[in-house]
Amino acid sequence: MTMEQTMNSNMQPAKRGIKKSWIILGIVVVLVLWMFSGYNGLVEKQELATTELANVQTQYQRRADMMPQLAKIVKAYAKHEKETFAEVTKARAAVGQVKLDANNLTEASLKKYAAAQGELANAFSKLMVVAEKYPELKASENFKALQVQEEGTENRISEARRKYNEAVQNYNQTVRKMPSALIASLFNFNVMPKFEAAAGAEKAPDLDI
């Protein structure tokens with residue numbers, strides 16, 4: 001064997017080693033890019049869900065802020081309905097004490113929040129029953145204007161809950177499906193709870209009085 005043949009023979013394993021290294025490097029780069037893309041996608045979907053949750057809370061707060069004014073108007077015509085007004089005050093205070101942490105959201109905390117809001121809706125319904133007894137109150141322009149605002153608020157609450165549940169469903173599917181579930185597990189992306197379908201006290205108050 002000549003010296004040139006010997007050199008070529010020695011270079012072939014080195015070339016194969018370099019080629020193998022480039023292949024491994026390419027695979028690593030593809031995996032890193034895929035991981036970055038998957039991580040960013042999860043972040044975007046999670047952010048959308050938390051934004052929609054904030055919108056739900058805003059609409060619920062809007063209703064809670066309107067309750068004192070509504071109670072004041074009704075009270076002017078029905079001062080003896082002390083029990084109903086006490087329920088409204090208690091329910092409004094309760095919703096103010098239940099806060100949601102989007103970064104530590106659990107099914108239990110969301111249920112507690114929804115239950116408190118349901119109690120406020122129930123108290124509001126009782127307030128409307130009281131108003132039904134007083135034609136002068138129902139004819140009041142202030143009451144009519146507030147009734148329209150309440151109807152709009154209830155619709156916005158329903159729509160905000162729907163959008164939140166849709167965003168959560170999209171996010172949860174990504175968290176649970178392969179292969180994105182691997183990234184979710186690696187970076188602690190956990191499923192988020194949904195608002196349950198309205199039932200009982202969770203139904204929107206009947207404003208058609």
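Run residue 96 past the list (1) under 15 Å from the mean Cα position of the chain (by Cα); (2) within 25 Å of residue 130 (Cβ to Cβ); (3) not β-branched (Val, Ile, Thr) and report the number of the one that doesn't hold.
Status for residue 96: all satisfied but (1).
What do you reckon, is residue 72 in a helix (DSSP H, G or I), charged (D, E, K, R) and open to solvent by 60 Å² or more (accessible area, probe 1.4 Å)?
yes
Check region 43-55 and report whether any residue there is modelled with pLDDT of 90 or more and farther than 20 Å from residue 173 by Cβ.
For region 43-55, residues modelled with pLDDT of 90 or more and farther than 20 Å from residue 173 by Cβ: present.
For region 97-117, what are the residues that are within 15 Å of residue 59 (Cβ to Cβ) and at pLDDT below 90?
We begin by selecting, within region 97-117, every residue within 15 Å of residue 59 (Cβ to Cβ); these are 100, 113-114, 116-117.
Scanning region 97-117 gives a single hit, 100.
Name the pairs whose Cβ atoms lie under 7 Å apart, with the first residue in region 37-59 and open to solvent by 80 Å² or more (accessible area, probe 1.4 Å), the second of a type outside the set (S, T, N, Q), and 6 or more positions between them or separate chains?
Pairs that qualify, where the first residue is open to solvent by 80 Å² or more (accessible area, probe 1.4 Å) and the partner is of a type outside the set (S, T, N, Q), are 39/183; 39/187; 48/167.
Return yes when residue 12 is modelled with pLDDT of 80 or more, open to solvent by 70 Å² or more (accessible area, probe 1.4 Å), assigned to a helix (DSSP H, G or I) and more than 30 Å from residue 105 (Cβ to Cβ) and no when it is not. Can you show your working first?
Details: modelled with pLDDT of 80 or more: no; open to solvent by 70 Å² or more (accessible area, probe 1.4 Å): yes; assigned to a helix (DSSP H, G or I): yes; more than 30 Å from residue 105 (Cβ to Cβ): yes.
So residue 12 fails the test.
If residue 22 passes every condition in (1) of a type in the set (Phe, Trp, Tyr); (2) modelled with pLDDT under 85; (3) open to solvent by less than 70 Å² (accessible area, probe 1.4 Å) but one, which one does it miss?
All conditions are met except number (3).
Provide a single number: the residues in region 94-110 that are part of a loop (DSSP other than H, G, I, E, B) and in contact (Cβ under 8 Å) with a residue 24 or more places away in the chain.
At the first step, the residues of region 94-110 found to be part of a loop (DSSP other than H, G, I, E, B) are 98-101, 105-106.
Next cut, in contact (Cβ under 8 Å) with a residue 24 or more places away in the chain only: 100, 105-106.
Count: 3.
List the helices (runs of 4 or more DSSP H) inside region 129-209, counting only whole elements, that have at least 1 residues being modelled with pLDDT of 90 or more and open to solvent by less than 60 Å² (accessible area, probe 1.4 Å). Give the derivation first.
Values: elements: 135-139, 141-176, 180-186.
Because the criterion is at least 1 residues that are modelled with pLDDT of 90 or more and open to solvent by less than 60 Å² (accessible area, probe 1.4 Å), the helices (runs of 4 or more DSSP H) in region 129-209 that meet it are 141-176, 180-186.
The values are calculated or read from the model by the stated rules, or taken from the named source; none is laboratory data. Note that the structure is predicted; figures quoted are calculated from it, not measured. Reconstructed Cβ throughout: ideal geometry from the backbone, glycine too, with neighbour counts over all protein chains shown. Keep in mind that these areas ignore ligands, DNA and RNA; they rest on the heavy atoms of the full protein, side chains included. Shrake-Rupley method; radii C 1.70, N 1.55, O 1.52, S 1.80 Å.
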